[in-house]
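To keep things clear, I will list the structure first and then write my remarks on it.
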């Protein structure tokens, strides 16, 4: 029996659980989040929604150093002042690698725990690249 594998185009994102190709993105990532990310720098977004999925706030922070995924306290304060029922975190990887780093994984776990103590759900954490985005929710990591 011969085993066949698909051959991907050079530079293509490998298929992985949680990866959503850019052409398949839903409205939230495609219309609200993606336009906020520059090509050359890392940006973090915190979007707060009410219980009816209406946007209450969209907070932005620029990364001060590569390899870290930190939500500055003023960003948390501004987001929490809107009294959201749920939060979506998103940031970009200008490197083009749509996989979470160890720092991304740790920050997501800590943020989910912190928000749960306040009765707020972390609905997703998305990592954007030019080709698409990685979703912690789709990957089963939330």
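Out of 98, 79, 130, 90, which single residue is closer than 19 Å to residue 33 by Cα and touching a helix residue (DSSP H, G or I) at 6+ places or on another chain (Cβ under 7 Å)?
90
On the given criteria, is residue 136 modelled with pLDDT of 95 or more and within 24 Å of residue 35 (Cα to Cα)?
When the stated conditions are applied, residue 136 passes them.
Return the residues of region 114-138 that are in contact with a strand residue (DSSP E or B) (Cβ under 8 Å, 6 or more places away or on another chain), farther than 13 Å from residue 90 by Cβ and assigned to a loop (DSSP other than H, G, I, E, B); say none if nothing qualifies.
Answer for region 114-138, where residues must be in contact with a strand residue (DSSP E or B) (Cβ under 8 Å, 6 or more places away or on another chain), farther than 13 Å from residue 90 by Cβ and assigned to a loop (DSSP other than H, G, I, E, B): 120, 131, 138.
Kindly list, by first and then second residue, each pair from a residue in region 93-114 that is more than 14 Å from residue 76 (Cα to Cα) to a residue that is assigned to a helix (DSSP H, G or I), limited to pairs with Cβ atoms under 8 Å and residues at least 6 apart or on different chains.
Within 8 Å, the pairs are 100/108.
Taking the criterion of being under 13 Å from the mean Cα position of the chain (by Cα) and modelled with pLDDT of 95 or more, would at least one residue in region 77-88 satisfy it?
yes
Against the definition (part of a loop (DSSP other than H, G, I, E, B) and surrounded by 12 or more Cβ atoms within 10 Å (Cβ to Cβ)), how does residue 88 come out, yes or no?
no
The values are calculated or read from the model by the stated rules, or taken from the named source; none is laboratory data. No experiment lies behind these values; they were computed from the predicted model shown. Note: ideal-geometry Cβ built from the backbone for every residue, glycine included; neighbour counts use all protein chains shown.
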